[in-house]
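The values are calculated or read from the model by the stated rules, or taken from the named source; none is laboratory data. Just so it is clear, the structure is predicted and the values come from calculations on it, not from any experiment. Ideal geometry is used to build each Cβ from the backbone, glycine not excepted, and the neighbour counts take in all protein chains shown.
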Amino acid sequence: MAKKKPSVTDFRPLIRQAMLTVFKEHPSKWFNYKQVLKRVVQDPFNESASLFIDDISEDELKVIVMEELEAMSFSGELEDGSRGKYRLFPVENFVTGKIDVTSSGNAYVINENFEEDIFIAKGSTLNALKGDIVKVSLYAKKKGQRNEGEVVEVVERARNEFAGVVQVSERFAFLSSENYRGGGVDIFIPLSKLNGAVNGQKAVAKITEWLPDAKNPQGEIVKVLGKPGDNDTEMDAILVEYGFPLHFPTEVEKEAEEIPFEIPAKEIKKRRDFRKITTFTIDPADAKDFDDALSIQWLPNGNMEVGVHIADVSYYVRPGSHLDEEGYDRATSIYLVDRVIPMLPEKLSNNVCSLRPGEDKLTYSAVFEINDEAQVISEWFGRTIIHSQKRFTYEEAQAVIETGKGPLQKEILAMQALAVKMRKERFKNGAITFEKVEVKFRLDEKGMPIDVYLKENKDSNKLIEEFMLLANRKVAEFVGKKLLEKTGKEHPFVYRIHDTPSGEKLDKFALFAARFGHKINTRTDREVAHSLNKLMKDIKGSREQNVLEQLAIRTMAKAIYTTDNIGHYGLAFDYYTHFTSPIRRYPDVMVHRLLDYYLKDGKPADAEQIEEQCKHSTEMEIKASEAERASIKFKQAQYLMGREGEIFDGMISGVTEWGIYVELIDSKCEGLIRVRDLKDDFYELDEVAYCLVGHRYKKRYQLGDTLRVKLKSADLLKKQIDFVLEDDIGIRFDKGSRPQGNPKKSNSEKKSKPRGFAKEVKKKKRR
């Protein structure tokens, strides 16, 4: 049956949208109907217009435009001026918020008073960059439409230093900065402000002036990083890109150096003394900052007393000090592939605070009486002093667990038995395990990757994890529950929360997992947790493990710091915080201070101030994670550099409208096959099915499919790997659609145009 031709009325909503686009692109400008009509007809980039422009006459369009102008004026969307002119109705409604600029140039402004982010079209962002605090003028909108506006002022810059490549000409210079997810910018550098930088070098530029009507800011070079592509140069550039300083300020280093190693006798007297009780640490082999230690002794009643002892950073880092301000600003240590950028200077992180063996150390402790069934009988929190007898690596502790022999074997095995029972109870209560595959690089003396391997979480890792989780949970419970019961007052605190995943995301993930034969029950939280745990167990060691793990993680909500406790979904805890890593996380320092204050019967602290600090810590945690991923991408490109033309087995790890991400089976390096390199069809993204679908032949490139790819390029500067398709055996076609030769298009195919196709045709015609 022939498809019914659309009527003029069917196009009216599209025409209205195309008209609104014209006004929103020029929110303060007056237009008459002829000017509106001209722009709707002639603008090939007007997405709404492209959908009807070939199917309606100019006379019909003219009538609808005039009618819609009147209607929009009547509804308050447009202001009716003199001589038949209209403009977007001015709304004296300004809000401030943080802007997130996308790679397309469009942006979104986050404001707490709005449930959804405010959309800012490309060209209406002024000179705002990602993370800036901006003032936005809101457009008038009808009920049901999203909030839109334009940036009228940059209130506060997120950063004013940028890394990039210096380009010098005879009269001036530019620094072309990295594209920090919408944060890249070209900075004009007067020749007198190069400060030794030469053409082609990578450097750091500081913005000194950016006039509102200027396309580019002015700046000066503040540091030369070195040759683009060099390991140290690129690692430093990553830190600058994400807003982390390369060095500690002089006053911070000075303050750290003045801290003595010796512990005053009067301070020892104030603390519970654990120096004669068996105490040890378990950490990675290359660790230098030992945050936590465990102690164990058997009580007369047969129960065990287990102490979780955490470096007492808050004793050395006092509020208002330079050290405290720097720690707060950084908020976290950053773990790049080949180095650690500590939150605190080395004097503190690796020496004074670090719980090194054979040394007396000040700690803040959570001490538990635990029976053989791993039930907590009693608890105690307070300041302590310890003396670690032994420093274990994870490998050494694992050997004791596996063989039953070695240093402190009785203590290690007893704690392992408790950890197994605690872990079992957690999962019984609905906790979810994500034993995420962690890719590690073996580096040579110059920092070049020579091998890739996968880090495995063994029993020794899980032992430490369980006791850290116990301490974090019990500290949060004490403040959030027991203090409330005792005093009748809520005491603002730093909670680590994890919200429940959206039902829609879970359903999509369940459908995808089913392709590999795995069933996800989404009826209740408990059943979701059980299904996900079974999935993680079943896929261990399989080809699809990493893809399914990554997608499962993306399905979950993100954990954040906040004073508003809603519990931790992934751990199945009603109360949870971060108490155990104050050397590398500022929220843990906050928790130590608050806990100490409340233990001394302090009044409820300022909730607003704590919440502000929580938000900052969450933001810096995200930036640190992004920086760490950038360093991994650089090392992956480094690892594959010089291997162009080689063929690899891979799996589709992501699909987007611009291409297919492929993760290599052996090395886990991830690169992109661009849509433009798929020349056999016009491909569209199916977000529900996680796939790209060919318009003509319905070939499907779906998440989890295996491919053979050829390395096209490995770009160190862009930290980018590009592949081309070598073999797509196993790729799916919709039933009956596999191409046979090169058939002629049917009439139906000629009429059926993919979204955006008309725009591409128009562009070609005009060239």
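Numbers below:
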| quantity | calculated |
| --- | --- |
| Residue in the range 217-235 that is of a type in the set (Ser, Thr, Tyr), outside any loop (DSSP other than H, G, I, E, B), at negative phi and within 30 Å of the chain's Cα centre (by Cα) present | yes |
| Matching residues, the range 349-406, being small (Gly, Ala, Ser) and without any contact (Cβ under 8 Å) to a residue 24 or more places away in the chain | Ser378, Ala399, Gly404, Gly406 |
| Candidate set from the range 484-513 (those that are over 13 Å from Val688 (Cβ atoms) and of a type in the set (A, V, I, L, M, F, W, C)); member that is surrounded by the fewest Cβ atoms within 10 Å (Cβ to Cβ) | Leu484 |
| Identity of the residue in the range 75-132, hydroxyl-bearing (Ser, Thr, Tyr) and without any contact (Cβ under 8 Å) to a residue 60 or more places away in the chain, that ends up farthest from Arg146 (Cα to Cα) | Ser82 |
| Criterion (hydrophobic (A, V, I, L, M, F, W, C), farther than 29 Å from Ser617 by Cα and surrounded by fewer than 21 Cβ atoms within 10 Å (Cβ to Cβ)) met by exactly one of Leu418, Leu408 | Leu408 |
| Filter result (within 16 Å of Gln167 (Cβ to Cβ) and in a loop (DSSP other than H, G, I, E, B)) within the range 186-214 | Pro190, Leu194, Asn195, Gly196, Ala197, Val198, Asn199, Gly200, Gln201 |
| Selection from the range 162-185 of residues that are surrounded by 17 or more Cβ atoms within 10 Å (Cβ to Cβ) and at pLDDT below 90 | Ser177, Glu178, Tyr180, Gly182, Gly183, Gly184, Val185 |
| The range 367-382, residues that are among the small types (Gly, Ala, Ser) and within 14 Å of Val420 (Cα to Cα) | Ala374 |
| Whichever residue in the range 514-569 is acidic (Asp, Glu) and under 25 Å from the mean Cα position of the chain (by Cα) and, among such residues, is surrounded by the fewest Cβ atoms within 10 Å (Cβ to Cβ) | Asp564 |
| Hey, Ala374 over 32 Å from the mean Cα position of the chain (by Cα), closer than 17 Å to Ile464 by Cα and part of a loop (DSSP other than H, G, I, E, B) or not | yes |
| Whichever residue in the range 660-680 is under 22 Å from the mean Cα position of the chain (by Cα) and part of a loop (DSSP other than H, G, I, E, B) and, among such residues, is surrounded by the most Cβ atoms within 10 Å (Cβ to Cβ) | Cys669 |
| Check on Lys410, outside any helix (DSSP H, G or I) and more than 36 Å from the chain's Cα centre (by Cα) | no |
| Any hit, the range 583-595, residues being β-branched (Val, Ile, Thr), more than 30 Å from Leu716 (Cα to Cα) and assigned to a helix (DSSP H, G or I) | yes |
| Residue satisfying condition, being assigned to a helix (DSSP H, G or I) and touching a Lys or Arg at 6+ places or on another chain (Cβ under 6 Å), within set Glu504, Glu485, Glu477, Glu466 | Glu466 |
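This table checks each residue for (1) within 18 Å of Thr384 (Cα to Cα); (2) touching a strand residue (DSSP E or B) at 6+ places or on another chain (Cβ under 6 Å).
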{"site": "Tyr575", "(1), (2)": "no, no"}
{"site": "Ile583", "(1), (2)": "yes, yes"}
{"site": "Lys600", "(1), (2)": "yes, no"}
{"site": "Lys603", "(1), (2)": "no, no"}
{"site": "Asp606", "(1), (2)": "no, no"}
{"site": "Glu612", "(1), (2)": "no, no"}
